[in-house]
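The values are calculated or read from the model by the stated rules, or taken from the named source; none is laboratory data. All of these numbers come straight from a predicted model, not from anything done at the bench. Cβ: placed from backbone, ideal geometry, glycine included. Neighbour counts: every protein chain shown.
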Amino acid sequence: MSQLFEPNRALSKQARIKNMCEYKELCIQADEDFEGYWDKLAREKIEWFKPYDRVLNEENAPFYKWFEGGKLNVTHQCLGRHLNSRKNKAAIIWEGEDGERRIITYLQLFLSCESFGKFIAQ
């Protein structure tokens, strides 16, 4: 037996996928053109330092290669690209068992990661 828990409407309006109809449409798109679906998402949602040559290489299954030839930087994807528009917004909201709460902004997190990166590079 499975239960379906519906989110409240205010939360749904802010979500990327707002309802089950939109979700099912994405599933249909992925089923109809698997590589095209992932190619579109990768181009729209990821800032590539070097574009990929191929979405999926299945020649050596089960050792598949995704986005062959592409180069990206995970720190840039998670933090750097958000600094212009979200630097003072919460990147992490942490709440402890005792009720303690910490909010770390994108800028604070970026500066911490940058500092740690310089430390380990020495």
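For segment 1-44, which positions are under 30 Å from Lys71 (Cβ atoms) and basic (Lys, Arg)?
Selection gives Arg16, Lys40, Arg43.
Which of the residues spanning segment 53-67 are out of contact with any strand residue (DSSP E or B) (no Cβ under 6 Å at 6 or more places or on another chain) and polar (S, T, N, Q)?
Asn60
Can you confirm whether segment 47-57 contains a residue that is closer than 30 Å to Phe110 by Cα, surrounded by 13 or more Cβ atoms within 10 Å (Cβ to Cβ) and of a type in the set (D, E, K, R)?
No, the conditions are met nowhere in segment 47-57.
Here are some residues: Arg9, Arg16, Arg86, Arg54. Which one is modelled with pLDDT of 95 or more and either touching a helix residue (DSSP H, G or I) at 6+ places or on another chain (Cβ under 7 Å) or not small (Gly, Ala, Ser) (or both)?
Arg54
Are there any pairs, at least 6 apart or on different chains, whose C-beta atoms fall under 6 Å, with the first in segment 87-105 and of a type in the set (Ser, Thr, Tyr) and the second loosely packed, with under 11 Cβ neighbours inside 10 Å and outside any strand (DSSP E or B), and if so, which?
Between residues of segment 87-105 that are of a type in the set (Ser, Thr, Tyr) and residues that are loosely packed, with under 11 Cβ neighbours inside 10 Å and outside any strand (DSSP E or B), the close pairs are Thr105/Asn88.
Touching an Asp or Glu at 6+ places or on another chain (Cβ under 7 Å) and either in contact (Cβ under 8 Å) with a residue 24 or more places away in the chain or not assigned by TED's automatic domain parsing to the domain that holds Phe110 (or both) - does that describe any residue in segment 39-52? Reasoning before the result, please.
Of the residues in segment 39-52, the ones touching an Asp or Glu at 6+ places or on another chain (Cβ under 7 Å) are 52.
From what's left, either in contact (Cβ under 8 Å) with a residue 24 or more places away in the chain or not assigned by TED's automatic domain parsing to the domain that holds Phe110 (or both): 52.
Looking through segment 39-52, at least one residue is touching an Asp or Glu at 6+ places or on another chain (Cβ under 7 Å) and either in contact (Cβ under 8 Å) with a residue 24 or more places away in the chain or not assigned by TED's automatic domain parsing to the domain that holds Phe110 (or both).
Among the listed residues Lys87, Lys71, identify the single one that is among the charged types (D, E, K, R), surrounded by 12 or more Cβ atoms within 10 Å (Cβ to Cβ) and in contact with a strand residue (DSSP E or B) (Cβ under 7 Å, 6 or more places away or on another chain).
Lys87
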